[in-house]
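Taking it in order: structure first as structure tokens, then the write-up.
The values are calculated or read from the model by the stated rules, or taken from the named source; none is laboratory data. It should be emphasised that the depicted structure is a prediction, and the values quoted were computed from it without experimental measurement. A quick note on method: Cβ atoms are made from the backbone with ideal geometry, for glycine too, and the neighbour counts reach across all protein chains shown.
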């Protein structure tokens, strides 16, 4: 589950009416919020299915991302992810330090969508909800199926919201 948090880039619930064509993602941004309130996980193995839910929030933010004018980005720092999972009626909470999870890569903005491709080859598409001179709020929907070494599959879904503050 914690590896899923490393796939996420960027929290708001509505679009900002102040967004204009002159607003740009270029510059340095510091993450100030991360949350997911609708996470689900389903594991199928050995003829059995186990379904659960989860929420995730961030704290202790020191993650910065620089979007450069040449279409590249770099990141540094990290944050602590707090994951609360309910499975078979039992809720557990754990924390993990996520460090420099975005690394570096290229990005493209088209309308309200930002697509980032890390140098590792992983690509993510993020819906820009708010973009102005001080704040960028984005969301990404996760729908990931993982093979469990031929013993079954694990499917994880959720919507992650991120807030970044211009530095």
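A few comments on the model shown:
- Sub-8 Å Cβ pairs linking a first residue in the stretch 151-162 that is closer than 7 Å to residue 43 by Cα to a second residue that is modelled with pLDDT of 95 or more and buried (at least 16 other Cβ atoms within 10 Å of the Cβ), at least 6 apart or interchain, are 153/43; 154/41; 154/43; 155/41; 155/43, ordered by first then second residue.
- Given (1) within 27 Å of residue 157 (Cα to Cα); (2) surrounded by fewer than 17 Cβ atoms within 10 Å (Cβ to Cβ); (3) at pLDDT below 95, number of the condition residue 75 does not satisfy: (2)
- With respect to the conditions (1) assigned to a strand (DSSP E or B); (2) modelled with pLDDT under 95, residue 18 lacks only one, and its number is (1).
- Of the listed requirements (1) surrounded by 14 or more Cβ atoms within 10 Å (Cβ to Cβ); (2) modelled with pLDDT of 95 or more; (3) assigned to a strand (DSSP E or B), residue 61 misses just one: (3).
- Test: residue in the stretch 81-90 that is touching a helix residue (DSSP H, G or I) at 6+ places or on another chain (Cβ under 6 Å) and either in a strand (DSSP E or B) or farther than 26 Å from residue 166 by Cα (or both): yes
Here's the yes/no breakdown for (1) surrounded by 14 or more Cβ atoms within 10 Å (Cβ to Cβ); (2) assigned to a strand (DSSP E or B); (3) at pLDDT 95 or above:
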{"position": "96", "(1), (2), (3)": "yes, yes, no"}
{"position": "101", "(1), (2), (3)": "yes, no, no"}
{"position": "105", "(1), (2), (3)": "yes, yes, yes"}
{"position": "121", "(1), (2), (3)": "no, no, no"}
{"position": "146", "(1), (2), (3)": "no, yes, yes"}
{"position": "161", "(1), (2), (3)": "yes, yes, yes"}
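- Checking the stretch 127-138 against the condition returns no match, with no residue being in a loop (DSSP other than H, G, I, E, B) and within 23 Å of residue 38 (Cβ to Cβ).
- If the condition is being exposed (fewer than 15 other Cβ atoms within 10 Å of the Cβ) and over 18 Å from the mean Cα position of the chain (by Cα), then the stretch 28-54 contributes 42, 45, 46, 47, 48, 49, 50, 51.
- Residue 37 vs. criteria modelled with pLDDT of 95 or more and part of a loop (DSSP other than H, G, I, E, B): no
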